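**Q** Let me begin by handing over the structure; questions about it come next.
The values are calculated or read from the model by the stated rules, or taken from the named source; none is laboratory data. Owing to the predicted nature of the structure, the values given are computational and were not obtained by experimental measurement. Here the Cβ positions follow ideal geometry from the backbone for every residue, glycine too, while neighbour counts run over all protein chains shown. SASA here: full protein model, heavy atoms, side chains in, ligands and nucleic acids out. Shrake-Rupley method; radii C 1.70, N 1.55, O 1.52, S 1.80 Å.
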Amino acid sequence: MPKAVKIDFDKFFNLLVKLLLLNAFLMALMSLYRLIFLLAFGNFAELAGMWNFVLRAFGMGLRFDASPLAYVNMPVVVGFLVLTLLSKNFNTGLKIAKYYYTLMFAFFTFATIVNFGFYLNFQNHINILIFGFFEDDTYALIQTIIRDRRLIPVMLAFFAVCYGVYKVCAAILKDTKNNFSLARGYVFNAVATVLILGLLFLAARGTVSMFPLGSFHADISPSKFINKLALNVTQPLTDTVYARLEMVRGTVNLAGILGAYHIQPDVSMFKGHVPFNPYTAENPPNVVVIVMESFGLFPILFDSPEFNVMGDLSRHFQEDILLKNMLPAGHITIDALEALVLNMPPIPPMGYITQTPRAFYSYASSAANVFRRAGFSTVAVYGGSFAWRGMNTFLRSQGFQRLVGEGDIVNVHRHQWGLNDQQFLELVYRELTNAEEPVFIFSLSTAVHPPYEIPPTFTPLPITIPQEVRNMMPHERRWGNRIFETFQFANIQLAAFLDRIKNSHLAENTIVVITGDHSLREFTHFSNEDAFLRWAVPFYIYLPPRFRREIDTSQVASHLDIMPTLYHLALSDINYIAAGRNLFSEGPGFTFNTFGIAAQDDIAIRFNFTHRNFSSWLFDNTTGRLSATDTTPAHLELLERYQRTLLSARKLLHPTAKERKTQKGQKHEKETY
């Protein structure tokens, strides 16, 4: 009879000891990344007195680190167990394992670096917005990254870490030598193996509770930053990929995300009507909407002779109407574009309409469609290429008759994203003066954007950044004063544009409104109390004398209020569909955005989409600051209003097949809602 092959479990158990040592090294590196995250993004003034929570975050972080490592270890452990049972040589497996671990940790390190860059811009871990890298102007984004002076040090650090991990893997997994005699017989060996596999499964799951380890387990403190500190990149990345797959499959459960199964969507809440106005019926004015890139409120609050970011624009802000308590629709430009064009809140989990087949549909809520029904010509002016995010198709489908972009003017001093603001505003003025009938112009600039470039002929006014502003943007050393010089240049061009309007016949028949698509992204160190102020954008209104009326400039507002306000100023006897309200009307102010902030009068909520809960705040409309408070019935009503608005907007913009059949005005190829 052939001799039975002896299974050498000592070799297997000794390998597990080596893997344990290797994993301890890798977890130490992951904790080092967490420490770097703390040092890079932590606001130590805010963290004072909360170091016990910071320590808890590092402790919880060990669980989040062990989970992906367990998944990485599973095929290695199972593979070597099979080799043990077959009494095969480990040498080939060891060679493969050292490259495998190096590759896996290289991917983790690269993802961590990307996550750091994402956090720098959005103050959050990677989420669905990361796919904007491929949907935005990818070439311009790559050029911006290349021009960042930190790119080379980061690349060198990345390759150094990869090389170091490879050397450690090679040293630990260099041979199959048995340093310990751990095997104790078949029963012991079998039980020990099952126990090891069970512990590996438990580490991967991260918990013995009903639900496996998830982002919601990171809620361990009152500080949102500390809660984010506990996570590494793998959990947010997993959540993002899952959300993207849901989006592609069309299975996003918005009611579940909002925790609002009890709320029925109601599209009728968006219906509005402008009453008959004999003057505007006979004398319709031109309407110009200017959306400036990164035109945030916060720098404006510190405008001074030493920090002169406004130039002559401050004079126009004093002469005309200025609202400061306005929230943009979302974090990025596409949020503002869709909100202002469609009069509906963008819903990122559902996907941006501009890059879906629904970009070909014409929505009745479109501002251009409303103005066209009122007899206006409609023009869209963009400081870049209309190929960006499918704007060409989207804007034409929404009723814009003319699209005017960077190719329509001699491009003297181009930046990475398109025209400088002087040329951009020249295009707007040209379209306004060439109009032979009342015109609605929607315009969007691109210039106040990394890498922050101004024409070489421009001499900036004095810029000494106040310490309070520096404290909010500790990473501004990337671009130095260029951020605010570009911001200043844009505002000076806006002032010159307004001077041209006011000093011409256009002053009597042109309404001009100006706002920002979002705030400056470099503001990363802000407290929970400053969350509203950090995102706020100004809203400026120039009205010809005959159109002027009283308005409460302290009220809260959002991008979604801009078009309804303009309808009531410029149009007569017309129906419209919009999620916002007329800011000149009486009644409680209401504002919200897609990243979870909603406010009404003197209260506010912040909804956390990851953990599906909310916090309650008081809102000071004088300072723009929030203060934590207990939840009241008014907060619950505000939450329900926020949920119902988003769910109803989803039904209007992204109807299911069943909902689509019941909507009126459906056509075979082109649908109007």
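**Q** State which residue is surrounded by the most Cβ atoms within 10 Å (Cβ to Cβ) when the search covers only segment 117-150 and only residues that are modelled with pLDDT under 70 and not in a helix (DSSP H, G or I).
**A** ASP137
**Q** Kindly indicate whether ASP552 is more than 18 Å from the chain's Cα centre (by Cα), closer than 20 Å to LYS324 by Cβ and buried (at least 20 other Cβ atoms within 10 Å of the Cβ).
**A** No: the conditions fail for ASP552.
**Q** Only one of (1) at pLDDT below 90; (2) at positive phi fails for GLY311. Which number is that?
**A** (1)
**Q** Starting from residues that are of a type outside the set (S, T, N, Q), surrounded by fewer than 23 Cβ atoms within 10 Å (Cβ to Cβ) and at pLDDT 90 or above, keep the ones in segment 502-534 and report whichever is nearest to the chain's Cα centre (by Cα).
**A** By that ranking, first place goes to VAL513.
**Q** Looking at (1) open to solvent by 10 Å² or more (accessible area, probe 1.4 Å); (2) at pLDDT 95 or above; (3) not small (Gly, Ala, Ser), which one does PHE497 not meet, given that it meets all the others?
**A** (1)
**Q** Related question: For segment 36-50, indicate whether the set of residues that are farther than 25 Å from ASP219 by Cβ and within 24 Å of the chain's Cα centre (by Cα) is non-empty.
**A** Looking for residues that are farther than 25 Å from ASP219 by Cβ and within 24 Å of the chain's Cα centre (by Cα), one finds none in segment 36-50, hence no.
**Q** Look through ALA28, ALA45, ALA24, ALA40 and report the one residue that is open to solvent by 20 Å² or more (accessible area, probe 1.4 Å), closer than 30 Å to LYS88 by Cβ and of a type in the set (A, V, I, L, M, F, W, C).
**A** One residue alone meets the criteria, ALA24.
**Q** I'm trying to understand the selection: among the residues of segment 214-261, which are among the acidic types (Asp, Glu) and either at pLDDT 75 or above or part of a loop (DSSP other than H, G, I, E, B) (or both)?
**A** ASP219, ASP239
**Q** Could you identify the single residue in LYS88, LYS11, LYS95 that is open to solvent by 40 Å² or more (accessible area, probe 1.4 Å) and not in a helix (DSSP H, G or I)?
**A** LYS88
**Q** Which residue is nearest to HIS413 (Cα to Cα), if the candidates are limited to segment 458-469 and must be open to solvent by 50 Å² or more (accessible area, probe 1.4 Å) and touching a residue at least 40 places away in the same chain (Cβ under 8 Å)?
**A** So the residue we want is LEU461.
**Q** With over 23 Å from PRO438 (Cβ atoms), aliphatic (A, V, I, L, M) and touching a residue at least 12 places away in the same chain (Cβ under 8 Å) as the only criterion, which of ALA507, ALA490 stands out?
**A** ALA490
**Q** Right, here's the next one. List the number of the failed condition for GLU586; all other conditions in (1) open to solvent by 40 Å² or more (accessible area, probe 1.4 Å); (2) within 27 Å of GLU529 (Cβ to Cβ) hold.
**A** If we test GLU586 against (1) open to solvent by 40 Å² or more (accessible area, probe 1.4 Å); (2) within 27 Å of GLU529 (Cβ to Cβ), just (2) comes out false.
**Q** Would segment 640-648 turn up any residue that is more than 21 Å from PRO265 (Cα to Cα) and either modelled with pLDDT under 90 or among the charged types (D, E, K, R) (or both)?
**A** No - not one qualifying residue is present in segment 640-648.
**Q** One residue is enough: does segment 610-621 have a residue meeting the conditions among the charged types (D, E, K, R) and either surrounded by 16 or more Cβ atoms within 10 Å (Cβ to Cβ) or farther than 27 Å from ASP239 by Cβ (or both)?
**A** Checked against the condition, which is being among the charged types (D, E, K, R) and either surrounded by 16 or more Cβ atoms within 10 Å (Cβ to Cβ) or farther than 27 Å from ASP239 by Cβ (or both), segment 610-621 yields at least one hit.
**Q** Please report, ordered by residue number, the helices (runs of 4 or more DSSP H) entirely within segment 262-379 with at least 2 residues that are buried (at least 19 other Cβ atoms within 10 Å of the Cβ) and touching an Asp or Glu at 6+ places or on another chain (Cβ under 7 Å).
**A** 333-342
**Q** Can you name every residue in segment 56-84 that is surrounded by 16 or more Cβ atoms within 10 Å (Cβ to Cβ) and among the aliphatic types (A, V, I, L, M)?
**A** ALA57, MET60, ALA66, LEU69, ALA70, VAL72, VAL76, VAL77, LEU81, LEU83, listed by residue number.
**Q** Of the residues that sit in segment 172-213 and are of a type in the set (Ser, Thr, Tyr) and either assigned to a loop (DSSP other than H, G, I, E, B) or within 21 Å of TYR101 (Cβ to Cβ) (or both), which one is modelled with the lowest pLDDT?
**A** Within segment 172-213, the match that is modelled with the lowest pLDDT is THR176.
**Q** SER385 passes all but one of (1) surrounded by fewer than 19 Cβ atoms within 10 Å (Cβ to Cβ); (2) free of Cβ contacts under 8 Å to residues at least 40 places away in the same chain; which number fails?
**A** (2)
**Q** Turning to a different aspect of this structure: Working only within segment 390-401, note down all residues that are over 15 Å from ILE441 (Cα atoms), open to solvent by 10 Å² or more (accessible area, probe 1.4 Å) and not polar (S, T, N, Q).
**A** The one that is over 15 Å from ILE441 (Cα atoms), open to solvent by 10 Å² or more (accessible area, probe 1.4 Å) and not polar (S, T, N, Q): GLY390.
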